[in-house]
Amino acid sequence: MTIQQTLAELVAIDSVSSRSNAELISYLEARCKTVGLITEQLPHTDQTGRTKINLVARTSTESEVELALVGHTDTVPYDPNWTNALSVTEQDGKLFGCGACDTKAFIAATLTALDSIDITKVKKPLALVFTCDEEIGCLGAKRLAAAKPFKCRYAIVGEPTSLQPMRAGKGYCLAEIVVRGREAHSAYPQLGASAIFRAARLIERIEAIAEALKSDRRDGFDPPYTTLNVGLINGGSARNVIAGECRFTLEWRTIPGQSSDLVLSKVRTAVADLRTAEPDSVCEIDAGRADDSFETCSESELVKFLEACSAQSSGTVAFGTEAPSMIALGAEAVVFGPGDIRVAHRTGEFVPVEQLNRCVSILKDAIVRFCS
């Protein structure tokens, strides 16, 4: 089976995060068993009652794995007007389809590389890891790290990096903040307390925190500091009512070496300071996500190998990945794969055929280099 055929079969299986990934896992398990891998499904039921599964396929049952190739099975939702989202179409050397770039291309390359190798000659333990729910918080990888089904020395985490090895990445954190006030008729503001004004004062403090954090820099990142963003805000009930509540969403992306809860601690301090001026103010913070940053040493054998194979220096990513979860299993992790993240998560997502084929060759060489 060609890699284009494999990618087409993967894309044809709808695996948006809101659905169970059981069908895709069944396909992957069958492919892995065909080449002689030992498979283990790690299922659970998500909050909506759907079955979600992590799949681990190994060359042996040893507790320590030399190399893991990691790909997430879920995709973001696609526009229903993209009528051929689940069919791979080729044009100008590009393969289009939902998940074709992020990150079924890497999975297809992994399966194709494996098909070209004599498994009996793989001496050191190799694992293929297929996770669920990466797109909604790397939830599958986090469950895998908590379960600790194996220890790992090296891990290539599939993401669209245009075949540039990424040895470091920012963390990703999220908090929902609710500021409460006291409703009153807007003609008599002295009878109420505007939650929107209170939220504005807090957001002004958050902007100052963001500015101060720019002094803590890590070269190699763009931008080279922790970033903060208030991406959503909503408050009030009517134009002539003093707002009793205001909600906003705060996200921050931390550089390596900086605690994921540093920003949250500074925001809590700002809330406490503002409360001294308004003792009756109420602010609730729900920190729903805190993904760690990661950094693998530039002298890592895996980093050097991928730099040589790709003819590209290693870089960094500012988006969340499953690398921290693999590091929790003991791995030196590098994020790597065909396609460009800038064309992912949109109608017309694609992967270049040339990168897809090169990825097969590089992954095959990686298996030979680290597991023979």
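Observations, loosely collected:
- The shape of region 17-99 can be summarised by an equivalent ellipsoid whose semi-axes, obtained from the alpha carbon gyration tensor, come to 28, 19, 11 Å from longest to shortest.
- DSSP bridge analysis restricted to region 29-129 gives an antiparallel fraction near 80%, rounded to the nearest 5.
- Three semi-axes describe the equivalent ellipsoid of region 248-372; taken as square roots of 5 times the Cα gyration tensor eigenvalues and ordered largest first, they are 41, 19, 11 Å.
- Heavy-atom accessible area ranking, 1.4 Å probe, most first, across 123, 364: 123, 364
- For region 1-93: accessible area per residue (Å², 1.4 Å): 48 Å²
- For the chain, the Cβ-based charge dipole about the Cα centre amounts to some 400 debye (Lys, Arg positive; Asp, Glu negative; other atoms uncharged).
- For region 292-372, the dipole from Cβ point charges (+1 on Lys and Arg, -1 on Asp and Glu) about the Cα centre works out to 260 debye, to the nearest 20.
- Whole-number D in µm²/s for region 208-311 (Stokes-Einstein; Kirkwood sum over Cα pairs; 25 °C, 0.890 mPa s): 144 µm²/s
- Three principal axis extents of region 58-147 based on alpha-carbon atoms, in descending order, are 47, 32, 14 Å.
- Here is the size of region 203-250 from its Cα atoms: Rg then Dmax, 15.6, 50 Å.
- Axis angle, to the nearest 10 degrees, between helix 301-310 and the longest C-alpha principal axis of the chain: 80 degrees.
- Other residues lying with their Cβ under 9 Å from the Cβ of residue 281 contribute a combined charge of +1, Lys and Arg counting +1, Asp and Glu -1.
- The Kirkwood radius of the chain, taken over pairs of alpha-carbon atoms, gives through the Stokes-Einstein law at 4 °C and 1.567 mPa s a diffusion coefficient of 58 µm² s⁻¹.
- Geometric extent, Cα atoms of region 285-342 - Rg, Dmax (angstrom): 13.3, 46
- With a Förster radius of 22 Å applied to the beta-carbon distance between residue 136 and residue 81, the computed FRET efficiency rounds to 0.45.
- Cα Rg, Dmax, region 182-261, angstrom units: 17.1, 54
- Relative to the longest principal axis of the Cα atoms of the chain, the long axis of helix 3-12 lies at roughly 40 degrees.
- For region 212-310, accessible area per residue (1.4 Å probe, heavy atoms of protein chains only), Å²: 54 Å²
- Value of Rg/Rh across region 83-227 [Cα atoms, Kirkwood radius]: 1.15
- Calculated FRET value between residue 261 and residue 176, using beta carbons and R₀ = 25 Å, to 0.05: 0.95
The values are calculated or read from the model by the stated rules, or taken from the named source; none is laboratory data. Since we're looking at a predicted model, the values are computed, not measured. Note: ideal-geometry Cβ built from the backbone for every residue, glycine included; neighbour counts use all protein chains shown. Just the protein is used for accessible areas: all its heavy atoms, side chains included, with ligands, DNA and RNA removed. Shrake-Rupley method; radii C 1.70, N 1.55, O 1.52, S 1.80 Å.
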